[in-house]
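Just below is one structure, and these are the notes that go with it.
The values are calculated or read from the model by the stated rules, or taken from the named source; none is laboratory data. Owing to the predicted nature of the structure, the values given are computational and were not obtained by experimental measurement. Glycine also receives a Cβ, built like all others from the backbone with ideal geometry; neighbour counts cover every protein chain displayed. Heads up: the accessible areas ignore ligands, DNA and RNA and are worked out on the full protein's heavy atoms, side chains in. Shrake-Rupley method; radii C 1.70, N 1.55, O 1.52, S 1.80 Å.
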Amino acid sequence: MDPLGGSADPLAVLDVAAAAARGFLADLDGSPAAPPGVDAAASAFAGEPLPGVGVGATRALEELLEHGVPAATRSAGGKFFHFVTGGGTPAALAADWLASAIDQNSFSWVSSPLGSRAERVALGWLKELFELPAEWGGVLTTGATMANFTALAAARRWWAAEHGRDLDEEGWSGLPALPVISSGYVHSSAVKALAMLGVGRASVRRLAADPTGRLDLAAFEAALEGLRGRPTLVIATAGEVNAGDFDPIAEMAELAHRHHAWLHVDGAFGLFARVSTLARQLAEGVAAADSVAADGHKWLNVPYDCGFAFVRDPELMHGTFALTGAPYLPTGTDERPSFGDRGPEASRRARALAVWATLKAYGRDGYREMVDRHVELARRVGEQVAAAPDLELLAPVRLNVIAFRFRPSGLSEQQLDDLNRRLGAAVLADGRVYFGTTHYRGCVAFRPAISNWRTTEQDADLIVTVTRELGARLVVS
Ligand SMILES: Cc1ncc(COP(=O)(O)O)c(C=O)c1O
């Protein structure tokens, strides 16, 4: 029975969706990153009043397929280099479908022993993958923003306890401002998390040595000394978004702990350097941190949305997120944890199933091979950029991001910025590949990032080919 009546076989829509998904995914490797007209096609979803009488599940799904699929960027495909975007591995995608079908509420052991057990195993495997201590606490979140939020909430709890206060019970009243030190690499999502935690965006001191944002280590040490042992929060970034660079995490951990500071590492995608044989030295020292955040929907290649937070002292995760004063809710224990007590959501989908399935399917070796392949592809693109007379590589390729700009001769810096801005818009409109502009080292630059399991050499080569072709057109026009 269709829950709202009327359909002979209410589950027939699942076959329709599966067939359409198969077709979409089969075409993905041959598709541009954004087929022409995606933006216009999306306007089918506008202005329609709420139906009084519904059209039924089959018709609704048909409409979604008819108008939705042409409007979809092929962000799941190998030519989408904008932001840092992963695809869904087949195992992760299938498990994610299953998570929706069995629809487990993974907030507690009672509501879903499966979701809870799978999450415990998945978190344990992730710790193994990233070589983090097994005894650290962890939780799956919707992404790195909420993983930053979760980990920084634990840091905030520690900091208040150092002042003799339970901030989660008592609030801020009477507490001093919480000092936060970072480099210019700090990601906007970590800053957003600080705002959500009431710490405030303006609390962050960014100690940058140069216009890239690289940490000024001497200034960092001096700032910690200046705080004279007052508890402090330090945020390091493993993999900054413009060029994939890393803060010196091992040095920061040593100094932070010498000066009574908590070190949080935002490794949304950079944490995966620890899986690589080619780039693992970049993420040295992460295991000495007090907390770590990363994304699943980036380099782990599980479907949106998924992230994970790890905290050295598991006890600190409960303070902010415990569901208290509701006798009908089960209390988590070490043996039967309630993951809803460790992160921001109470009710939550079983995103552990996709993480479990992809790690089970491809294992440590599969991920090592994929991450190394992406690092090699990024280096290959970096070499192509360096060899092209009209392109400029703006930073060494350290991981999976290539920072560069179009630089034909004879133009002023301002003209180059204007040209690269227009070229950025042209790349997106062209759609064969997809990547955006940023501001890096004081100029407008591109920052394609390679993190999709589907990306091939041919896909990656398009970055330079398309940029030069469209750039040359703009110069003559
Ligand atoms: C370093 C860093 N931190 C945090 C985030 C936020 O991740 P999400 O969008 O998954 O919340 C990103 C996203 O690009 C990132 O690169």
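Quickly run through region 426-477 and pick out the residues that are acidic (Asp, Glu) and more than 23 Å from the chain's Cα centre (by Cα). Once the filter is applied, which keeps residues that are acidic (Asp, Glu) and more than 23 Å from the chain's Cα centre (by Cα), region 426-477 yields ASP430, GLU457, ASP461, GLU469. Screening LEU423 against (1) closer than 25 Å to GLY87 by Cβ; (2) surrounded by 20 or more Cβ atoms within 10 Å (Cβ to Cβ) leaves a single unmet condition, (1).
The listed residues are ALA218, ALA261, ALA222, ALA250, and the only one of them that is among the aliphatic types (A, V, I, L, M), over 18 Å from TYR185 (Cα atoms) and open to solvent by 40 Å² or more (accessible area, probe 1.4 Å) turns out to be ALA222. Considering every residue within region 162-178, establish whether at least one is closer than 23 Å to VAL84 by Cα, in the same structural domain as TRP299 (by TED's automatic domain parsing) and either more than 12 Å from the ligand (Cβ to nearest atom) or open to solvent by less than 10 Å² (accessible area, probe 1.4 Å) (or both). Scanning region 162-178, I find no residue that is closer than 23 Å to VAL84 by Cα, in the same structural domain as TRP299 (by TED's automatic domain parsing) and either more than 12 Å from the ligand (Cβ to nearest atom) or open to solvent by less than 10 Å² (accessible area, probe 1.4 Å) (or both), so the answer is no.
Selection of region 151-186 for residues being assigned to a helix (DSSP H, G or I) and of a type in the set (Phe, Trp, Tyr) yields TRP158, TRP159.
Checking each residue of region 195-211 against the condition of being outside any helix (DSSP H, G or I) and among the hydroxyl-bearing types (Ser, Thr, Tyr) gives no match. Of the listed requirements (1) open to solvent by 20 Å² or more (accessible area, probe 1.4 Å); (2) within 16 Å of the ligand (Cβ to nearest atom); (3) of a type outside the set (Asp, Glu), ARG156 misses just one: (2). Taking (1) among the small types (Gly, Ala, Ser); (2) surrounded by fewer than 16 Cβ atoms within 10 Å (Cβ to Cβ); (3) in a helix (DSSP H, G or I) in turn, SER409 satisfies each apart from (3). Of the residues LEU175, LEU224, LEU140, the single one that is more than 26 Å from ALA287 (Cβ to Cβ) and out of contact with any Pro (no Cβ under 8 Å at 6 or more places or on another chain) is LEU175.
Just one of the listed residues (THR324, THR320, THR277) is more than 16 Å from the ligand (Cβ to nearest atom), of a type outside the set (D, E, K, R) and under 25 Å from PHE83 (Cα atoms), and it is THR277.
Look at TRP125 and say whether it is in contact (Cβ under 8 Å) with a residue 24 or more places away in the chain, more than 16 Å from the ligand (Cβ to nearest atom), assigned to a loop (DSSP other than H, G, I, E, B) and in the same structural domain as THR331 (by TED's automatic domain parsing). Considered against the rule, which asks whether it is in contact (Cβ under 8 Å) with a residue 24 or more places away in the chain, more than 16 Å from the ligand (Cβ to nearest atom), assigned to a loop (DSSP other than H, G, I, E, B) and in the same structural domain as THR331 (by TED's automatic domain parsing), TRP125 comes out as no. Against the test of being within 16 Å of the ligand (Cβ to nearest atom) and modelled with pLDDT of 95 or more, the options ARG214, ARG205, ARG230 yield a single qualifying residue, ARG214.
Would you call VAL186 within 16 Å of the ligand (Cβ to nearest atom) and touching a helix residue (DSSP H, G or I) at 6+ places or on another chain (Cβ under 6 Å)? So VAL186 does not fit the description; no.
Among the residues of this structure, GLY431 counts as one that is open to solvent by less than 10 Å² (accessible area, probe 1.4 Å) and out of contact with any strand residue (DSSP E or B) (no Cβ under 8 Å at 6 or more places or on another chain).
Filtered by the rule that a residue be of a type in the set (Gly, Ala, Ser) and open to solvent by 80 Å² or more (accessible area, probe 1.4 Å), region 462-477 gives a lone residue, SER477. Just one of the listed residues (ALA256, ALA236, ALA288) is free of Cβ contacts under 8 Å to residues at least 60 places away in the same chain, aliphatic (A, V, I, L, M) and open to solvent by 10 Å² or more (accessible area, probe 1.4 Å), and it is ALA288. Flag set for GLU369, criterion: open to solvent by 10 Å² or more (accessible area, probe 1.4 Å) and without any contact (Cβ under 8 Å) to a residue 24 or more places away in the chain. Scoring ALA42 on the criteria (1) open to solvent by 50 Å² or more (accessible area, probe 1.4 Å); (2) under 27 Å from ALA429 (Cβ atoms); (3) touching a residue at least 24 places away in the same chain (Cβ under 8 Å) leaves a single failure, condition (1). Kindly indicate whether any position in region 325-336 is touching a helix residue (DSSP H, G or I) at 6+ places or on another chain (Cβ under 8 Å) and outside any loop (DSSP other than H, G, I, E, B). There is no residue in region 325-336 that is touching a helix residue (DSSP H, G or I) at 6+ places or on another chain (Cβ under 8 Å) and outside any loop (DSSP other than H, G, I, E, B).
For region 313-335, the criterion of being closer than 27 Å to LEU255 by Cα, open to solvent by less than 10 Å² (accessible area, probe 1.4 Å) and assigned by TED's automatic domain parsing to the domain that holds ARG157 is satisfied by at least one residue.
Scanning region 297-310 for residues that are surrounded by 24 or more Cβ atoms within 10 Å (Cβ to Cβ) and either in contact with a strand residue (DSSP E or B) (Cβ under 6 Å, 6 or more places away or on another chain) or of a type in the set (D, E, K, R) (or both) returns LYS298, GLY307, PHE308, ALA309, PHE310.
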